[in-house]
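Where a number appears in this text, it was derived from the coordinates with a stated rule and is not lab data. Remember, it's a predicted structure, so these values are computed and weren't measured experimentally. Note: ideal-geometry Cβ built from the backbone for every residue, glycine included; neighbour counts use all protein chains shown.
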Amino acid sequence: MDKSLFFQAIGKVLAGMILVCVLIFLPAGTWHFPNGWLLLAVLFIPMLIAGVVLMIKNPDLLKKRLKAKEQEQTQRRVIGASAVVFVLGFVLAGLCFRFRRFLVPHWAVWSACAVFLLGYALYGIVIAHNRWLARTVEIQPGQQLVASGPYAVVRHPMYTAVLLMFLSMPLILGSWPALVLFLLFPGILIRRIQNEEQVLTAGLDGYADYKTRVKYRLIPFVW
């Protein structure tokens, strides 16, 4: 086992957990925020499991997933906009719990958990089909086109999974206003996809033809 990679991955997870805790429990004004603990569970337990599997089965892919520095200027702006939505949405959810305003009913919270885990499952399927699945938008040395599995249905199934998970999070936290804010995310994601397709079309053999065969980018029969 690559000890350096192991500690890098653990460090990323711990940093993410600390950040999420600060963003939701501090505005909530208490550690007794059940929805906050529920989000931590559904977010980080599968993440740890997936990290262990990648560490054992495909450490090279794990290295790519841990790399977060974008070279594309457009992608840096997209990530910045996503971070703003993420931070403000989580803070807003904590405030909703503190003041007991605009709270989501329990059935919607648990339904959102199911959708979130469905997104995680799709994410796992995508990883199993695409060993080039870097976190950043770039053409890797020797990269080949992947058109099987979920990529035969939509061109960006990873983002389909991300969309399911991202839009589920404010409902898991129990906040309608946070959901309204998170509805900005699909527009941000569309901009990321448009720029990524420009990069792939210009630099990846066969991608232009692939776009004619698989028409939908994100959601079948929609877009």
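Structure summary
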read-out	value
Square roots of 5 times each gyration tensor eigenvalue, C-alpha, region 3-213, largest first, Å	31, 19, 16
Lysine-lysine proximity count for the chain, Cα under 23 Å, sequence distance 8 or more or distinct chains	12
Zone of Leu88's modelled label, taken as backbone nitrogen in region 13-44 under 17 Å from a point 7 Å along Cα→Cβ	23-24
Over the chain, relative contact order from alpha-carbon pairs under 8 Å, at least 6 apart, %	26
Angle in degrees between helix 106-129 and the longest Cα principal axis of the chain, rounded to the nearest 10	20
Leu48-Trp223 pseudo-label distance in nm [points 7 Å out on the Cα-to-Cβ vector]	3.6
Coil-residue chymotrypsin sites (Phe, Trp or Tyr not before Pro) of region 21-51, DSSP, other Cβ within 10 Å capped at 12	Trp31
Cleavage-rule hits (trypsin sites (Lys or Arg not before Pro)) in region 141-223: DSSP loop, at most 16 neighbouring Cβ within 10 angstrom	Lys215
Rounded to 10°, Cα long-axis angle of helix 185-203 versus longest principal axis of the chain	20
Inverse mean reciprocal Cα-Cα distance (Kirkwood Rh) of region 73-144, Å	15.7
Spin-label proximity, Leu19 to region 74-105 - amide N less than 18 Å from point 7 Å beyond Cα toward beta carbon	75-94
Contour excess over end-to-end distance, with Cα ends at Ile190 and Ile10 and 0.36 nm allotted per residue	61.7 nm
On Cα atoms only, tilt of 73-99 relative to the major axis of the chain in degrees	20
